[in-house]
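Structure first, then comments.
Taken together, the values in this text are just the output of simple stated rules run on the coordinates, not laboratory data. Predicted model, so just to flag it, every value in this text is computed and none were measured. Neighbour counts are summed over all protein chains in view; Cβ atoms, including those assigned to glycine, are modelled from backbone coordinates with ideal geometry.
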Amino acid sequence: GKVRAPTHIISTISDDRGEEPCYAGVPMSTIIEQGYGVGDVISLLWFKRSLPRYCTQFIEICIMLCADHGPCVSGAHNSIVTARAGKDLVSSLVSGLLTIGPRFGGAIDDAARYFKDACDRGLTPYEFVEGMKKKGIRVPGIGHRIKSRDNRDKRVQLLQKYAHTHFPSVKYMEYAVQVETYTLSKANNLVLNVDGAIGSLFLDLLSGSGMFTKQEIDEIVEIGYLNGLFVLARSIGLIGHTFDQKRLKQPLYRHPWEDVLYTK
Ligand code: ACO
Ligand code: LMR
């Protein structure tokens, strides 16, 4: 029989050995000739399957909506400072990416985890939010530095509108909105933010599309795929900010003394 040398790597998402590369078994010529988009490529390489058009379009909307949010947010600020220190594109990009985490852009997975758990267990928003408070955990996906009840995040509204029109069910998003109604009764800035909207809506996409088993959904949520959407999206903006600073020939950044409280 055949003797097979043991391999050191197992890979299941792509293959470059043939005439053309394949993503999850789909040849590049099909991807290009059939007019696949970035959402389809993400579906193949992350989820290892082709998803219906309304799902791939949702993924693309997430990418477009989260591509940038101006120069003042943590990620862009870091990239700008790094570019102005004369560093290269990759250094400026990763400097910005490194700020993505539980407070900024990287709350999508935890939002999905906590909303799913609370909704599946049938907790009322009051029980969920007060339970989180008792544990000393801020509700991921809730709260914003500049957005509030009277200055809603347009991105969240656009995502919700898309899902209402195209998703078979928006159960998790509706739960997140009920949580928001409760948190807004506590403080004006405790809105459902873009991380929370994407986290809850992705749960609806996964469970409503009929393309994933329950175990697969649990695995996706447990591993934490969804922050990848923000990382990928925001890379577009961070690269843009890096080019912008270089084009503008901006000098080394130094923070003004007047903006620091020096104290003992
Ligand atoms: N859940 C419960 N209570 C909250 C939350 C929350 N998510 N956010 C704020 N609060 C309450 C707390 O009582 C907080 O007091 P504490 O510091 O003792 O915990 C109080 O509001 C004051 O909060 P602020 O200082 O006004 O909030 P800030 O503007 O600094 O924070 C932030 C904004 C970081 C987004 C915060 O709301 C938070 O941590 N949210 C959860 C993480 C999250 O979803 N991040 C993604 C934001 S969207 C994006 O980055 C693209
Ligand atoms: C973002 O997308 O970067 C923001 O929601 C964060 C912010 O403070 O504006």
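Provide the per-residue ³J(HN,Hα) series for region 76-93, in order, calculated from phi with Karplus coefficients 6.51, -1.76, 1.60 and θ = phi - 60°, each as a whole number of Hz, with x at glycine and proline positions.
5, 4, 4, 5, 5, 4, 5, 4, 6, 7, x, 7, 7, 4, 5, 4, 5, 5
Treating the chain as a set of equal point scatterers at the Cα positions, no solvent, please give the Debye-formula log₁₀ I(q)/I(0) at q = 0.07, 0.08, 0.09, 0.17 Å⁻¹.
-0.31, -0.40, -0.50, -1.33
Mind listing which chymotrypsin sites (Phe, Trp or Tyr not before Pro) in region 92-187 are in a DSSP loop and have 16 or fewer other Cβ atoms within 10 Å?
Of the chymotrypsin sites (Phe, Trp or Tyr not before Pro), the ones in loops of region 92-187 whose Cβ has at most 16 other Cβ atoms within 10 Å are PHE104.
In straight Cα distance, which aspartates and glutamates are under 17 Å from LYS116, not counting same-chain residues fewer than 8 positions off?
GLU127, GLU130, GLU174, GLU180, ASP195, ASP204, GLU216, ASP218, GLU219, GLU222
Where does region 70-227 land on the Kirkwood hydrodynamic radius, alpha-carbon pairs, in angstrom?
16.6 Å
Tell me, what is the percent relative contact order of region 173-264, built from C-alpha pairs under 8 Å that lie six or more residues apart?
Here the relative contact order equals 17 percent.
Please list 3J(HN,Hα) in residue order for region 243-257, calculated via the Karplus relation 6.51 cos²θ - 1.76 cosθ + 1.60 where θ = phi - 60°; whole Hz, with x for glycine and proline.
4, 4, 5, 5, 4, 7, 6, 6, x, 3, 7, 9, 6, x, 3
Cut-off under 23 Å on the C-alpha distance; same-chain residues fewer than 8 positions from LYS87 excluded. Which lysines are left, in chain and number order?
LYS246, LYS249
For region 217-264, take the alpha-carbon Rg, divide it by the Kirkwood Rh, and send me Rg/Rh.
Result for region 217-264 is an Rg/Rh of 1.29.
Pick out, in residue order, every one of the GluC sites (Glu not before Pro) in region 1-94 that is DSSP loop and has at most 16 other C-beta atoms within 10 Å; say none if there are none.
GLU19
Please turn the phi angles of region 177-188 into ³J(HN,Hα) values with the Karplus equation 6.51 cos²θ - 1.76 cosθ + 1.60 (θ = phi - 60°), one per residue in order, whole Hz, x for glycine and proline.
5, 5, 5, 4, 4, 6, 5, 5, 6, 9, 7, 5
Could you point to the residue in CYS119, ALA67, GLY131 farthest towards the positive end of the chain's charge dipole, with +1 and -1 charges on the Cβ of Lys/Arg and Asp/Glu respectively?
So the residue furthest toward the plus end is GLY131.
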